[in-house]
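A.B. asks: The structure that follows is given in the form of structure tokens.
The values are calculated or read from the model by the stated rules, or taken from the named source; none is laboratory data. Computed from a predicted structure; not experimentally measured. Every residue, glycine as well, gets a Cβ built from its backbone with ideal geometry; the counts of neighbours run over all protein chains shown. Side chains included, ligands, DNA and RNA excluded: accessible areas come from the protein's heavy atoms. Shrake-Rupley method; radii C 1.70, N 1.55, O 1.52, S 1.80 Å.
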Amino acid sequence: MSDDQFGNRNEGPNRKGQEPNFNWRGFLLFAMALLLVGSALMVNTASKGSQSLTYAQFKELVESDQIDRTKDLQLVRQDSTMEEIIRGYRRSSGKTEVPPVEGSEPVDKAPAAAASDLFRVAVNLDLQRDEINKLLDSKGLVLNPVYENHVWSAMLVPLIPLVLLLVLIYVLVRQQIRTAGRGAMSFGKSRARLLSQERNKVTFKDVAGCDEAKEEVQELVEFLKDPKKFQRLGGKIPKGVLMVGSPGTGKTLLAKAIAGEADVPFFSISGSDFVEMFVGVGASRVRDMFEQGKKNAPCLIFIDEIDAVGRHRGHGLGGGHDEREQTLNALLVEMDGFDTQEGIIIIAATNRPDVLDPALLRPGRFDRQVTVSLPDVKGREEILRVHAKKVKLGENADLSKVARGTPGFSGAELANVINEAALLAARRNLKAIGTPELEEARDKVRWGRERRSLALSDKEKENTAYHEAGHAILIEVLEHTDPLHKVTIIPRGPSLGSTMWLPEEDKFTHRKSELLDDLVVAMGGRVAEEIKFGDVTNGAMGDIRQATAIARSMVCAWGMSDTLGMVEYGEADSAVFLARDLGRSRNYGSVTAQKIDEEVKRLIDEAYDNAKQILIKHRASLDAIAQALLEYETLDGPQIKEIMEHGRMLNPPQSKPKPPAPPPIPKANEQRSAAQDDNEGGSLPGDLAGVPA
């Protein structure tokens, strides 16, 4: 017995993708079908190639003496059809000239038998017996009676179409029958696939940005390669490793790297593969999976998205039998029960550890939990370099700048940035990817593609320019903000414009002074509109949502309110498990809720007043930046600083980009509705932040 690259059991010499064994049963059935067809074709072999004549034509042949006398003239009577036939050969009219022998004259020779023509005539002896005898006697011909029995052929001929139909049905349905045998009759078989070393090319060199997680699983591989190294001190191999992390952080990639490094069998299965429509299938597949593991021990079994079967027991909604609970019970017993055997290591991955059953997380089952977190700035640069090996990168491409500008990006998002940059460079017919393409790809991944074709009126463009100018001035003036990166009024994604700042380093904690300044920056767009136009628009919807979230977190979660103190109000900010959290209510009363709302409003009102005072003080810069945005559409941070310090740009952009031809302008009410929809964008600070219009 052996396993192929998909984990299927093969017998005998059928290994490593060889052709399956010859199917003798199918061959014999096919041969029998051919014999039946051949017997049907042989029914009429006697008459095959013969010429059917009428009685008048036969009479003319006899009278003209054209019957071949060298062969018998037969009267054939078939018992199966009771048909009477006269069968004979017609003499050929040609002559065969034989070369003369020396001293003799040339002679004519009768035609060879092979040259004679076979004919057949249907007669009725009861009516034509005397006439036929008289005709043949006049020429000296003898009619020899012959009896042919084709009873079996007559019986088989009607059955041939039915037999052929049955054979065809068998051939067509045979594969489906086999599949049904593996499915309907083998639902309890595990679907774990065995990864072969030939197909798996991922190693630890291809994994970057999670050094600590890589070290922990690398220790696992070293244990499998040299267990005595750890057993000298009494160490035992861990039974399970649970990898926890946000989507896209590289949990599955890390498991593939383990398979590439470890010289042991590696089975891979998804959590959803255990549960089917039939009760008991999941538990049976768990048992079968561990049976395969025991035969190949020591081995690794990787279960992706284990939360599909490992959810907390007893929190289901409604009654009835829960198939997932039975599957989980079987998994718990196999991992650490009475009949547990050493040598099988379970590696599981999930992004919802909060919904897993506590019995699954205890030591003895999952002895080690590996957190695969989002990469820091150094890890992001390493990830970018790993993916940049697959594309042609220019010499001036600055991956470190892109890494600093992508805080909060996962490994999957960084790979997408490199891919989008490659596509953009190809569209521009460039020979290599440069920094402008990388930055454009970064902005596209986070906010969406530029929508230069969006038809905006001059009034809306001016409003957007002042809105973004208000944000930009506050970022430059306030002390506890990150450096300004870029300001644009080009519509991108859901927003009509964006103000972006670039953190100098990753931030894992936020000071109160920084959060208060973030609130002031968020208010800048609405305040600038009020100062310039004396009216406001709905363009600050994203800013208001962002500021409210920051202020409420400061009051309820971070203890930054002097009035309410260091008390957490409400549940922790985590994903909701419906069955568990359905009956929970807030842990504070209505009076406290009113105080929370008042404190949140106070923080936002103070930030609004501070933003208004600063922008009134820098009114000249506000107008200058807005006019520059209307002219150039996009300005960098140093250009904004030049306007604030000198009143103008010392190094203005070379030229304004030419937008593509706009589409036909829609009706007034439709255009207004589109603008309102675009104004609903927003993003929270803490990464490459932007304040949409």
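A.B. asks: Separation of the range 591-659 and the range 436-509 by C-alpha centroid, Å?
C.D. replies: 11 Å
A.B. asks: Rounded to the nearest 10 Å², what accessible area does Glu305 show when all protein chains are kept and the probe is 1.4 Å?
C.D. replies: Its heavy atoms expose roughly 80 Å² to the probe.
A.B. asks: While we're looking at this one, here's another question. Can you sort Val167, Val567, Val217 by 1.4 Å-probe accessible area, starting with the largest?
C.D. replies: On the way: Val167 45, Val567 70, Val217 0 Å².
So the residues, ranked largest to smallest area, are Val567, Val167, Val217.
A.B. asks: In nm, to one decimal, how far is the Arg362 label point from the Lys205 one, both placed 7 Å along Cα→Cβ?
C.D. replies: Spacing of the two 7 Å Cα→Cβ label points: 4.4 nm.
A.B. asks: How do Thr70, Thr537, Thr249 stack up against each other in accessible area, from largest to smallest, with a 1.4 angstrom probe?
C.D. replies: Numbers: Thr70 110, Thr537 45, Thr249 15 Å².
The ranking, largest first, comes out as Thr70, Thr537, Thr249.
A.B. asks: If you don't mind, another one. Rounded to the nearest 10 Å², what accessible area does Thr563 show when all protein chains are kept and the probe is 1.4 Å?
C.D. replies: Roughly 100 Å² of Thr563 is accessible to a 1.4 Å probe.
A.B. asks: Go through Lys401/Lys461; Lys228/Lys294; Lys236/Lys294; Lys389/Lys507 and tell me which ones have a Cα-Cα distance over 22 Å in this structure.
C.D. replies: Listed pairs above 22 Å: Lys401/Lys461; Lys389/Lys507.
A.B. asks: Name the lysines eligible as straight-distance cross-link partners of Lys59: C-alpha to C-alpha under 25 Å, and not fewer than 8 places from it in the same chain.
C.D. replies: Lys48, Lys71, Lys95, Lys134, Lys139
A.B. asks: When the solvent-accessible surface of protein heavy atoms is calculated with a 1.4 angstrom probe, in what order do Phe230, Phe508 fall, highest first? Before the final figure, lay out each step's value.
C.D. replies: On the way: Phe230 50, Phe508 170 Å².
Listed by decreasing accessible area, they come as Phe508, Phe230.
A.B. asks: Can you flag which of Lys205/Lys256; Lys532/Lys601; Lys251/Lys392; Lys201/Lys390; Lys201/Lys378; Lys378/Lys444 are past 18 Å Cα-Cα? Before the final figure, lay out the partial values.
C.D. replies: On the way: Lys205/Lys256 12 Å; Lys532/Lys601 25 Å; Lys251/Lys392 27 Å; Lys201/Lys390 15 Å; Lys201/Lys378 25 Å; Lys378/Lys444 22 Å.
Violating the 18 Å Cα-Cα cut-off are Lys532/Lys601; Lys251/Lys392; Lys201/Lys378; Lys378/Lys444.
A.B. asks: Need one value: the accessible area of Ser52 in square angstrom, 1.4 angstrom probe, rounded to the nearest 10.
C.D. replies: Approximately 90 Å² of Ser52 is accessible to the 1.4 Å probe.
A.B. asks: Per residue, how large is the accessible surface of the range 348-389? Use a 1.4 angstrom probe and give square angstrom.
C.D. replies: Numbers: 1860 Å² over 42 residues.
In whole numbers, the range 348-389 has 44 Å² accessible per residue.
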